[in-house]
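Have a look at the structure below before the remarks.
The values are calculated or read from the model by the stated rules, or taken from the named source; none is laboratory data. Model, not experiment: these values are computed from the prediction. Counting neighbours? That spans all protein chains shown, and the Cβs are built from the backbone with ideal geometry, glycine included. What goes into the accessible areas is simple: the full protein's heavy atoms, side chains included, and nothing from ligands, DNA or RNA. Shrake-Rupley method; radii C 1.70, N 1.55, O 1.52, S 1.80 Å.
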Amino acid sequence: MKTVRYGFIGCGAVGQRRHLRESTLNRKIEIAAVCDINKSRARRVGRQFAAPVYFDYRDMLRDAALDAVVVGTPNALHADMTVDACKAGCHVLCEKPMTITTRDARRMIKAAAQAKRFLMIGHNQRFMPPHVKAKRMIEAGDIGRVLSFVSVFKHGGPEQWSADGMDSWFFKKAEAGFGVLGDLAVHKVDLMRWLLDEEFTDVSARVATLDKRRGRHLMRLEDTALLTLRTASRIIGSIDTSWTNYGLEENHTTIYGDRGVLRIGIDPDYPLIHETRDGKRRRLRVGPMSTNKKQHRSGVIDAFTDCILQNRQPPIPAADAQHGLAVILTAIRAAKQGKTLKVR
Ligand SMILES: NC(=O)c1ccc[n+]([C@@H]2O[C@H](COP(=O)([O-])OP(=O)(O)OC[C@H]3O[C@@H](n4cnc5c(N)ncnc54)[C@H](O)[C@@H]3O)[C@@H](O)[C@H]2O)c1
């Protein structure tokens, strides 16, 4: 097989702006079909990418002779779509958060294993060039033993991103499961686990709805979440996320080691800065970080496609995303109880 025939479930923002657009840049990818329950959107995207259009993903799985699907729909739909796609013999690239319950995460992993298909979760932060370089530097010992970190991800909310604006599923608990925790915090949990190559063992959290409203009433989903975490080797850190930053988007991380510091995403001209304990400062131009407004090629579907063609495990296994989900679910319980809890 030289190309992978993909079906795209969900023709919203992440489908259009990331996976479909990036597919047109990759000769190994065939856009075999697109699907959305919003018929006018599905037709428009089908025309744009010259692909057959479906309004029900089950019809697409049955008729479109696919090798793989991209699941880019509301969070609560990921599990059933992934399981059905695996049963239909497709590899699955599913967006984050992988799903909204532990049970569903297990179901997805089991379905992929039983069908002998690959399941990768779209934690694209791992592919951003400053993060890739930072991981290499941490592994090479450039900042010594890691002691602590601060990771921040804040913007003005999904109404500026989602295809449905203020009416988006992002603001509906049954479809989203989480607010900013499932949108932004889960990215940083995954990123920090991967950068540090460690599991989080303990979490405490403050979670609140400070400003996002439906009419005059505050929404039921959190728009602000601050997590404090500890890893197996006792690194401590914070993940600070919100949908209530109405200024410039912030997406930055600082990692403190016993021999230096890495600052990622603080200076747009120099996405990575390395400071050493003896006072030296290196500013590295290593490629940009994407923002909601400016999307750079993420490399996610390229990496997944290569894994399918070369029959090797994808770089963001679902088991990793399952651990990230467990951290988020534990953070919600910790916030409710006002306690630090073990991640389980
Ligand atoms: N990795 C990232 O950086 C990133 C960024 C944005 C969104 N996401 C994730 O991608 C997923 C989609 O988010 P989005 O931003 O594209 O949302 P969106 O609101 O822009 O689009 C969602 C689309 O799904 C469609 N849809 C809903 N139910 C469907 C169904 N049953 N069958 C087919 N289509 C259906 C909607 O009509 C809509 O077009 C979410 O899980 C989100 O968390 C990930």
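Taking a ≥ b ≥ c as the square roots of the Cα gyration tensor eigenvalues, region 1-98 comes out rounded, since a/c falls below 1.5. Overall shape: prolate for the chain, with the ratio a/c of the largest to smallest alpha carbon gyration tensor axis at 1.5 or above and a/b above b/c.
Classify region 224-344: rounded, prolate or oblate, from the alpha-carbon gyration tensor (a ≥ b ≥ c, eigenvalue square roots; a/c under 1.5 rounded; otherwise prolate if a/b is larger than b/c)? It is rounded, given that a/c, with a ≥ b ≥ c, falls under 1.5.
Rounded to the nearest 20, the Cβ-based charge dipole of region 156-298 about its Cα centre (Lys and Arg +1, Asp and Glu -1) stands at 280 debye.
Database remark: amide H of Gly144 closer than 5 angstrom to the amide H of Arg259 (H placed geometrically; neighbours at sequence offset of 5 or more, or on other chains; Pro and chain starts carry no H). Our coupling estimate for region 59-64, obtained by passing each phi through the Karplus curve with A = 6.51, B = -1.76, C = 1.60 and θ = phi - 60°, is 5, 5, 4, 6, 9, 8 Hz, Gly and Pro reported as x. Each Cα pair under 8 Å and six or more residues apart adds its sequence gap; the mean of these over the residue count of the chain is a relative contact order of 19 percent.
Per-atom-type breakdown for region 3-60 gives carbon and sulfur 49% of the accessible area (1.4 Å probe, protein chains only). In the context of the full set of protein chains, the chain has a per residue accessible area of 45 Å² (1.4 Å probe).
Protein heavy-atom surface of region 83-208, 1.4 angstrom probe: 49% of the accessible area is carbon and sulfur, with nucleic acids and ligands not counted.
The spacing between region 246-263 and region 37-90, judged by their C-alpha centroids, is 38 Å. Shown in residue order for region 330-344 are the 3J(HN,Hα) couplings computed by the Karplus curve 6.51 cos²θ - 1.76 cosθ + 1.60 at θ = phi - 60°: 5, 4, 5, 5, 4, 5, 4, 8, x, 10, 8, 10, 6, 6, 8 Hz (x for Gly and Pro). Peptide packing for 235-243, 218-226 was compared via the average number of neighbouring C-beta atoms within 10 Å per residue; ordered from the highest value, the list is 235-243, 218-226. Can you send over the carbon and sulfur percentage of the accessible area for region 229-344, probe radius 1.4 Å, protein chains only? Here it works out to 49 percent. Helix 78-87 and the longest principal axis of the C-alpha atoms of the chain enclose an angle of approximately 50°.
Rounded to the nearest whole Hz, the Karplus-based 3J(HN,Hα) values (6.51 cos²θ - 1.76 cosθ + 1.60, θ = phi - 60°) of region 267-278 follow the sequence 10, x, 6, 10, x, 9, 10, 10, 10, 10, 4, 8, with x at glycine and proline.
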